[in-house]
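Below: the structure, in structure tokens.
Just so it is clear, none of the values below were taken in a lab; they were calculated from the coordinates. The model shown is predicted, which means the values in this text are computed figures rather than measured ones. All Cβ positions, even for glycine, are placed from backbone atoms using ideal geometry, and neighbour counts span all protein chains on display.
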Amino acid sequence: MSDAIKHECGVAMLRLLKPLSFYQEKYGTSLYGLNKMYLLMEKQHNRGQDGVGLANVKLDVSPGKRYISRKRSINANPIQDVFKQVNKRFVSLEEKDSEKLKDANWLKESLPFTGELFLGHLRYGTFGGNTIEQCHPFLRQNNWKTRNLVLAGNFNMTNVEELFQQLVDLGQHPKEMADAVTILEKIGHFLDEANDDIYYKHKDNFSKKEITKVIENELDIQDILMQSAKYWDGGYLMCGLFGHGDAFALRDPNAIRPGYYYADDEVVVVASERPVIQTSFNVKADKIHEIKRGHALIVKKDGRIQEKKVREPLERKACSFERIYFSRGNDKDIYNERLALGKRVFNKVLASIDNDVKNTVFSYIPNTAEVSYFGLLKSCHAYLNEIKTKKIQALGDNPCHDAIAEIMKISPRAEKIAIKDAKLRTFITSDQARNDLVAHVYDITYGTVKPTDNLVMIDDSIVRGTTLRQSIIRILDRLDPKKIVIVSSAPQIRYPDCYGIDMSKIGNFIAFNATVALLKDSKQEHILTEAYNKCKAQENLPKEEMTNCVKDIYKPFSTDEISKKISNLLTPEGTNAEVEIIYQSISDLHASCPNHQGDWYFTGDYPTP
């Protein structure tokens, strides 16, 4: 993506099902769980670089011993920083008494992060600031193990005010109106109630010390989550650890946010992306399961694993942007979907270049557009193969070798055109000086394009268009093509996200700005005013009765008209080449990503009220 977009977070949860000594004997390390967590988190570093947190819960430790450990960091390299802090004691122990590193029981009794339950989180700061207090996992502490809760997730609630007020109505005083705090206290409230119910049920038959074990066995995690999540509105993969050893991973009813798990007789692991688990544990894709929408994967302290319904599943609206851009492209399905996106947009490219493949150079804007670029080339090859077949057939029954050889030379001109350099930094405060540096973030391969050529560059998506205007088109124009075609493998992004992606301001979107410009050009500004007034009129309606009146703004114009205006707005002054920007159609997006129809960025059809 040419625009830097921060997006939803990543989570990793791991439960070791065997005694810790088992991993020392089989894998040669007592730090097996910690090492796997490092892999799970490092392989998801694309999902969060603003902050990282890691928590660990030990099972059945003696009273007086700490059983919950947590480290968080917002340093420049937060994953490395967290694990450097965690590993300090192990490095020191190796230098002083390396044999103790092989004693799993001693480690569990003596050092933090040597328990059976792990929860890791990678954060992108989408809303608000970026302080250590905002880093997951969050911790709700209590002197009774069964009332302790560690929580982390990839989530954004759209009805925080409503949930906050529910806590206030219970007599609570939440420390801030934030979805993470609200969710933590919401689950915590019903966790406390469940503890109390079991206690009063058995208090006449057991001592207080004995009842603690009874509560551990009888806590109904499904019921706690059903009560807690009853009014949640948003997209989420919520993971939690309880102090006594139960754990859960809960997914929203529309499957907006992704979540996968793998289980065998040694481990249960949850992550935001499937190939992360494949690589970290060397397992096949068909062994990894998607957490069902509205369900929670519940891992009991005794190792029992259940997938239980918490919310009634609604229409599946899994996020299509995960497939286009956010998730790593090494998932087998995502790879094929990105290929399909590139293949399906080819006909639009062909029309843009007037079928002149011979005088067209194809390339991509690094790095996430690479797979869709391969798809574009596959369609181009298929198109040229038809042409070559007809040319060979036209040679007659006895074609000469040279004629066939000449026809077979016809192929797409695929080149590595754009090179993305490391971030260029400046301490100069002048906007002009800073913009000059921004314009050189991308470099180009000189000598690859002739003045008679079209230059086609595919990007995975175009949100704001700032980098295209300030950098990419300017630098591509130096190659002197007659035409620059920028291709988006995604449709026009017209509507803001409200489920945790940093695309919350419609005024930043180039598609919206182009439409506003068209309204002004055609003297239809009243449509903006009418749409605004309709939105304001719904302010106090129940959320179920609200409709998306912003759609009215786009109705007067076709997609092609808006694309043409976008091309105009993003073409820098002084550009010599003709510039055209074309987009994927929504129907072809759906055909390319059939199981991920969450398209609210493009259509305004939000899955939640």
Charge context of residue 575, other residues only, Cβ under 9 angstrom, K/R +1, D/E -1: -2
Pull out the extension gain between residue 213 and residue 100, defined as 0.36 nm times the separation in residues minus the alpha carbon to alpha carbon distance; nm, one decimal. 37.6 nm
tail above 37 Å in the computed P(r) of the range 10-318, as % of all Cα-Cα pairs, reads 12
Would any residue of the range 224-250 have its amide N under 18 Å from a label point 7 Å out along Cα→Cβ of residue 61? List them or say none. 241-247
Helical mean residue ellipticity (222 nm; -39500 (n - 2.57) per DSSP H run of 4+; nearest 500) of the chain: -11000 deg cm²/dmol
Would you list, by chain and number, the lysines whose Cα falls below 19 Å from the Cα of residue 565, excluding same-chain residues fewer than 8 positions away? 348, 483, 520, 523, 551, 555
Sequence-separation-based contact order of the chain, relative, with Cα cut under 8 Å and 6+ spacing, percent: 14
Which label in (i) 37, 33, 21; (ii) 50, 30, 23; (iii) 37, 28, 27 gives the computed semi-axes √(5λ) of the Cα gyration tensor in Å: (ii)
Nearest-0.05 FRET efficiency for residue 91 and residue 450, computed from C-beta distance (R0 51 Å): 0.30
So, counting K/R as plus one and D/E as minus one, what does the shell of residues with Cβ under 11 Å around residue 337 add up to? +2
Which length gain, in nm to one decimal place, applies between residue 193 and residue 404 when the Cα-Cα distance is subtracted from 0.36 nm times their residue separation? 67.9 nm
Calculate, for residue 76 and residue 29, the FRET efficiency according to 1/(1 + (r/R0)^6) with r their C-beta to C-beta distance and R0 35 Å; round to the nearest 0.05. 0.75
How much length is gained on full extension from residue 555 to residue 315, taking 0.36 nm per residue of separation minus their Cα-Cα distance? 83.8 nm
Apply the a/c threshold of 1.5 to the C-alpha gyration tensor of the range 243-294 and tell me whether it is rounded, prolate or oblate. oblate
Return the subset of 43/88; 145/203; 378/416; 43/186; 43/71 for which the Cα-Cα distance in this structure is over 24 Å, preserving the input order. 43/186
Taking a 29 Å limit on the Cα-Cα distance, which of the listed pairs 36/65; 343/505; 108/209; 84/230; 18/287 fall beyond it? 343/505; 84/230
Rounded to 10°, Cα long-axis angle of helix 332-344 versus longest principal axis of the chain: 20
Based on the Cβ-Cβ distance from residue 168 to residue 265, what FRET efficiency comes out when R0 is 51 Å, to the nearest 0.05? 0.65
